[in-house]
Amino acid sequence: MINHWTFRCEDVSEMISRSMDEKMPLRIRMGIRFHLMMCSLCRNYKKQLWIIHRAVEKLDRMENFYDKPMRLPDQVREKLKDLFKDHE
Amino acid sequence: MIICQHGPSYYHFEIIYMPADEASTLSPPTTWVDTYGDYLYGFAFYRVQDEELARELVQETLMAALKAKDSFAGRGSEKTWLTGILKHKIIDSLRRKYRDAMFEDQDLDERKIHDSFDHNGRWKTGPAQWASNPEHLLEQKAFLDIIRKCLHELPERSAHALSLRELEGESTQTICKVLNVTATNCWVILHRARFLMRECIETNWLQ
């Protein structure tokens, strides 16, 4: 029985990720929580995944984020403009 | 409480019966490329991490918009409308891309993750604390630049899985279908994507 409460970090890292995508069974959630109480490295890991999630989302919502970094190549612009002319 | 109960139906009402004078109209299609081209390109690139595919998607989106311009209902802005079309195009193109693609790049990266742990499954060198205040970290441009860089360095399918999940909030069921993988492999891909992301960030951020 003791195994239920002594998850390995390798497995916990996978479970933490999976718990971000679906609700895990209570037994697993308790096991993760118990492991995290004792393991500061896995606590860091969990925080890091949360930060990544927030950062990826934040970039997406940043004003002008998509306008600045990339310019659609002129070749593509001209091609599209040509195509659009025919439709006017 | 009453407001809460009726909230959704009022909302629905508003969308359907929006007065005509509040509806926006489309600008001439010939101006779309200059007005929205870079935006759509950047938006697509952030999700597919492939310049060529992103360019194709911009073209497909604008062509589809041109065909559908008479059905633009004037709800929301032109930009939102185009972005909506692009989102559909992204999912479609990923679905096409992976329809015939075998899932074979798994083993190599699995090993890489496995190597981060000792034979007892404990971290060899554990994840560090990146900041005492995570909110502060999210304000730093240098950190956000690393996020972008690391996203780009992910294996293709991992990057696509992550963007569908974290940006579009798609369910794992949908992601499995789009990426043409089993449910188990879907979780593995997402786990691997996050694991590699955090490794890349840690290497770049703490050096």
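Read the figures in this text as sums done on the coordinates, not as results from a lab. None of these values were measured; they are calculated from a predicted model. Virtual Cβ from ideal backbone geometry, glycine too; neighbours counted across all protein chains shown.
Please enumerate, by chain and number, the aspartates and glutamates with C-alpha under 17 Å from the C-alpha of B:Lys112, excluding those fewer than 8 residues away in the same chain.
Reachable aspartates and glutamates: A:Glu10, A:Asp11, A:Glu14, B:Glu104, B:Glu153, B:Glu156, B:Glu199, B:Glu202.
Please compute the net charge surrounding A:Asp74, taking Lys and Arg as +1 and Asp and Glu as -1 over other residues with Cβ under 13 Å from its Cβ.
On the way: positive: A:Arg71, A:Arg77, A:Lys79, A:Lys81, B:Arg55; negative: A:Glu78, A:Asp82, B:Asp34, B:Asp38.
Neighbour charge sum, excluding A:Asp74 itself: +1.
Please get the size of the charge dipole for the range B:118-207, origin at its Cα centre, with Cβ charges of +1 on Lys and Arg and -1 on Asp and Glu, quoted in debye to the nearest 20.
With only Lys, Arg, Asp and Glu charged at Cβ, the dipole is about 240 debye.
Give me the number: length gained by fully extending B:Ser132 to B:Ala101, i.e. 0.36 nm times residue separation minus the C-alpha to C-alpha distance, one decimal in nm.
Numbers: separation 31, 0.36 × 31 = 11.16 nm, distance 4.26 nm.
Between B:Ser132 and B:Ala101, full extension yields 6.9 nm more.
Taking the number of other C-beta atoms within 10 Å as the exposure measure, put A:Asp11, B:Asp50 in order starting with the fewest.
Details: A:Asp11 15, B:Asp50 18.
Final ranking by Cβ density, sparse to dense: A:Asp11, B:Asp50.
Sorted from fewest to most neighbouring beta carbons within 10 Å, what does the list B:Ile175, B:Ile201 look like?
Details: B:Ile175 24, B:Ile201 21.
Sorted ascending by nearby Cβ count, the order is B:Ile201, B:Ile175.
Give B:Lys69/B:Lys177; A:Lys81/B:Lys97; B:Lys97/B:Lys149; A:Lys85/B:Lys67; A:Lys58/B:Lys124 a once-over and call out the pairs whose C-alpha atoms are over 21 Å from each other.
Table pairs above 21 Å Cα-Cα are B:Lys69/B:Lys177; A:Lys81/B:Lys97; B:Lys97/B:Lys149; A:Lys58/B:Lys124.
Can you tell me the Rg and the Dmax, both Å, for the Cα atoms in the range A:2-86?
Using the Cα atoms of the range A:2-86, the pair Rg, Dmax is 22.4, 73 Å.
Across peptide B:31-40, how many C-beta atoms of other chains are within 10 Å of each residue C-beta, on average?
Values: counts 2, 3, 9, 4, 0, 3, 9, 8, 7, 3.
For this peptide, the per-residue mean of nearby foreign Cβ atoms is 5.
For a quick check: sort B:His114, B:His152 by the number of other beta carbons within 10 angstrom, fewest at the front. Mind dumping the intermediate values first?
Details: B:His114 10, B:His152 13.
The order, fewest Cβ neighbours first, is B:His114, B:His152.
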